[in-house]
Amino acid sequence: MDKPIRRLFLFFAVLFVALIVQLTYVQVWAAPTLKTHPANTRAIAEEMKIKRGDIISADAVKLATSRQEGEYYVREYPQGDLVSPWLGYNSTRYGRAGIERVYNQELSGQVGVLGLRTYWDQLLERTHEGAHLKLTIDLAVQRAAAEALGNRKGAVVALDPRTGAILAMVSYPRFDPNHIEEQWRELNSDPAAPLLNRAIYGLYPPGSVFKTVVVAAALEKGVATPETEFEDTGSVKAGGFVVNNYGGQVYGKHNLVEAFAKSINTTFAKIGVVLGSDALASYASAFGFGQELPWRLGSAVSRFPAQESLDKAHLAQVSYGQGELLVTPLEMALVAAGVANKGTIMKPYVVSQVLDPKGDVISQADPSEWLRPISPNTAKIVSDLMVAVVEKGTGTRAALSGVKIAGKTGTAEVAGASPHAWFIGFAPASDPKVAVAVLVENGGSGGITAAPIAREVIAAVLRR
C-alpha cells in the first residue's frame, strides 16, 4: 500500500473510531442527562404526550395537574403563585424548574415499574401515565406564611424539627406558573427576581440570629454559662474595630441570659474572641455552614468566612452575625430545628410519597439524621435562652397566648440600605412541632417585622 493511501486510511480509521466513541457517549453515557436537560425542548415535547402525575399537598390539595389538549397534556397549577417558585413549571418552550424538573422522571413515569410500562403503552398506543407526588407541604400553613409575609421581599420556611419535613416554604416576589409562557421575558428581566426561590437560594447576612450558633459553641466549650456576668459600656474595641450595640444602647452589668435576650452585640463580640476562630468555624460547620444540603431540590451553600481572614476584628463582627457571613433562610431554619430536636438536625425533605396512577405507594420518605452539632444538654440550655428572648427580650412580638415559643431575632446591617429583618424559632418549646425562619429583605428590626410573621406561621401549624 502506498504511503499516502496508508495515511489516508489511518486518518479515516481514526475518524471512524472517534465517531463510534462520540455516538456511544451521547446515546449511552450522556443520554439520561441530555434527555432531562432543561434546554432539551424536543424531549420535553415528546414527554408532554405523557399524562404527568399530579403534585399534591400534605392536606390533599392539588398543586399541579394535567389537562389534555389534542395529543399533548398541558400542566395546570390550581394554586397559582402560592406554591411557586419551588414547585416550578413545565413548559415546552422554556423547559422545567423546581419540583417539576427535579422529580421529572417520577412525574413522567420513567422510573421503576412505571418505566417498564412505557414500551407496552407505546406498543398498544395508550396514554402513558406518570407517578403522583404527595408533598410534606401543608397548604393551610403555606397560605398563612404567604399572607403573613405579604408583598414584602423575603422568605419564610417552616419545618417539623423531628423529621425534617418542610411544612411551608414561601418566597416573595413570585410568579404564576400558569402564565410562564407569556410572562417569561418580563419575569427574567424583573430586577426583583421573582423566579428566585429566596428560601433556599437567597444568601443574606444573618445578623443576630447567628448568635444562636455562637452561644451554643460557647456553652459547649465552657466559655460561658447562663450565669456568667458581663459588663457593657455600649462599645468594645476588638483588633482596632469598634463594636457598638444596636441603637447605641448601654446595658451595664448583665448575665448571658440577658445578653442573648436583649441581643447585646458587645458581649457576643467578647465571647467570639474568647472562643477563637477555630472553635467558631468548627461549630458553624457542625450546624451545616459550608455544606451542600442533603436534598434533591438543591440550595445555595451558607458561607462562613475563610479562617485566614478571621483576625480579631473580623471574628468580633462574625460573632454578632456580620462580617463575611452569608446564610439561606432554610439553613437558619435548620439551626433552629437542631436546637429544638435536642441537638440533632434531620435531613430536610419535601416529597413524602411517590404514588402510582392508582394511588398505591411506590416509595416513601424515610426521615434520617443529617448533623448532630451539640449535645442534648446544650440544646436544652439554648432553648431556655431562646424562650427568654420571646418572653422578655427582643422577640416579644412572636409571643402566642398559651404557647411557650423559643426564638431569636436578628437585624442584619446592609451597606447603603435598611437592615434585613430576621426571626428564627420553634414551638412549643417543651415539645417542638415546628421550627421557623423568617427573612424580610430591608425590613428593619427583626423583633418588629419578622417576629409577628413567625407567630402567624407557628399558630397555623399548631392549629392543624
Just the projected area, averaged over all directions, of the convex hull on the alpha carbon atoms of the chain: how many nm²?
-> 29.3 nm²
Relative to the Cα centre, what is the charge dipole magnitude of the chain, using +1 at the beta carbon of each Lys and Arg, -1 at the beta carbon of each Asp and Glu, and rounding to the nearest 20 debye?
-> 280 debye
With r defined as the distance between the Cβ atoms of E231 and D384 and R0 fixed at 22 Å, what FRET efficiency is calculated, to the nearest 0.05?
-> 0.45
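Helices from the chain with mean Kyte-Doolittle at least -1.0 and a Cα length along the axis of 30 Å or more, per DSSP H: which? Don't skip to the answer; put the middle values down first.
Details: long enough: 3-24 (31 Å, 1.67).
TM-like helix candidates: 3-24.
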Dipole moment magnitude, nearest 20 debye, the stretch 196-259 about Cα centre, only Lys, Arg, Asp, Glu C-beta charged = 320 debye
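Going by the alpha-carbon gyration tensor, a ≥ b ≥ c the square roots of its eigenvalues, is the stretch 136-256 rounded (a/c under 1.5) or, if a/c is not under 1.5, prolate (a/b greater than b/c) versus oblate?
Values: a/c = 3.19, a/b = 1.98, b/c = 1.61.
Because a/c hits 1.5 or more and a/b exceeds b/c, the stretch 136-256 counts as prolate.
Taking a probe of 1.4 Å, how large is the accessible area per residue of the chain, in Å²? Spell out each step's value before the answer.
Details: 20430 Å² over 464 residues.
For the chain, the solvent-accessible area averages 44 Å² per residue.
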Where N is the number of residues in the stretch 160-223, Cα Rg divided by 2.2 N^0.38 Å = 1.71
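Using a Förster distance of 35 angstrom, determine the FRET efficiency expected from the C-beta separation of D176 and Q291, and round it to 0.05. Could you put the intermediate results ahead of the total?
On the way: r = 34 Å, r/R0 = 0.96.
With a Förster radius of 35 Å, E is 0.55.
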Contact order relative to length for the chain, counting C-alpha pairs under 8 Å separated by 6 or more residues, stands in percent at 15 percent
Simple spin-label estimate for Q307 and W184 in nanometres, 7 Å along Cα-Cβ = 4.8 nm
Roughly to the nearest percent, how much of the accessible area of the stretch 162-225 is carbon and sulfur, given a 1.4 Å probe?
-> 48 percent
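Using the crude model of +1 on Lys and Arg Cβ and -1 on Asp and Glu Cβ, and no other charge, please compute the dipole size for the stretch 328-430 relative to its Cα centre, in debye to 20. Present the calculation step by step, with values, prior to reporting the outcome.
On the way: 9 positive and 8 negative charges, 70 e Å.
About 340 debye.
Return the equivalent ellipsoid semi-axes of the stretch 343-464 as a descending list in whole Å, where each equals the square root of 5 times an eigenvalue of the C-alpha gyration tensor.
Values: eigenvalues 179, 71, 49 Å².
Ellipsoid semi-axes (Å, largest first): 30, 19, 16.
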For the stretch 346-417 the trypsin sites (Lys or Arg not before Pro) that pass both the DSSP coil test and the at-most-16 other-Cβ-within-10 Å test are K358, K404
Distance in nm between label sites at F16 and T92, each 7 Å beyond Cα in the beta-carbon direction?
-> 4.2 nm
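Just list whichever of K253/K312; K211/K270; K270/K347; K134/K404; K262/K433 have alpha carbons separated by over 22 Å in the model shown. Walk me through the numbers before you get to the answer.
On the way: K253/K312 24 Å; K211/K270 12 Å; K270/K347 33 Å; K134/K404 31 Å; K262/K433 26 Å.
Table pairs above 22 Å Cα-Cα are K253/K312; K270/K347; K134/K404; K262/K433.
Quick check on the stretch 249-365: take the gyration tensor over C-alpha atoms, sort the square-rooted eigenvalues as a ≥ b ≥ c, and tell me if it's rounded (a/c under 1.5), prolate or oblate. The partial results should precede the final answer.
Working: a/c = 3.48, a/b = 2.17, b/c = 1.60.
Since a/c reaches 1.5 and a/b is larger than b/c, the shape of the stretch 249-365 is classed as prolate.
For the chain, what does the helix formula give at 222 nm: sum of -39500 (n - 2.57) over DSSP H segments with n ≥ 4, over the residue count, nearest 500 deg cm²/dmol? Let's see the in-between values first.
Values: 17 runs with 168 residues, N = 464.
For the chain, the value works out to -10500 deg cm²/dmol.
Would you please classify the overall shape of the stretch 211-280 from the alpha carbon gyration tensor, given that a ≥ b ≥ c denote the square roots of the eigenvalues, rounded means a/c under 1.5, and beyond that prolate means a/b larger than b/c while oblate covers the rest? Let's see the in-between values first.
Numbers: a/c = 1.94, a/b = 1.23, b/c = 1.57.
Note, shape of the stretch 211-280 comes out oblate.
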Count the DSSP beta bridges whose two residues both fall in the chain, then state the antiparallel fraction as a percent rounded to the nearest 5.
-> 95 percent
Inter-centroid distance (Cα atoms) of the stretch 287-331 relative to the stretch 391-455, Å = 20 Å
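The values are calculated or read from the model by the stated rules, or taken from the named source; none is laboratory data. Everything numeric in this text was worked out from a predicted model, so none of it was measured. FYI the Cβ positions are ideal-geometry reconstructions off the backbone, even for glycines, and counts take in every protein chain you see. Just the protein is used for accessible areas: all its heavy atoms, side chains included, with ligands, DNA and RNA removed. Shrake-Rupley method; radii C 1.70, N 1.55, O 1.52, S 1.80 Å.
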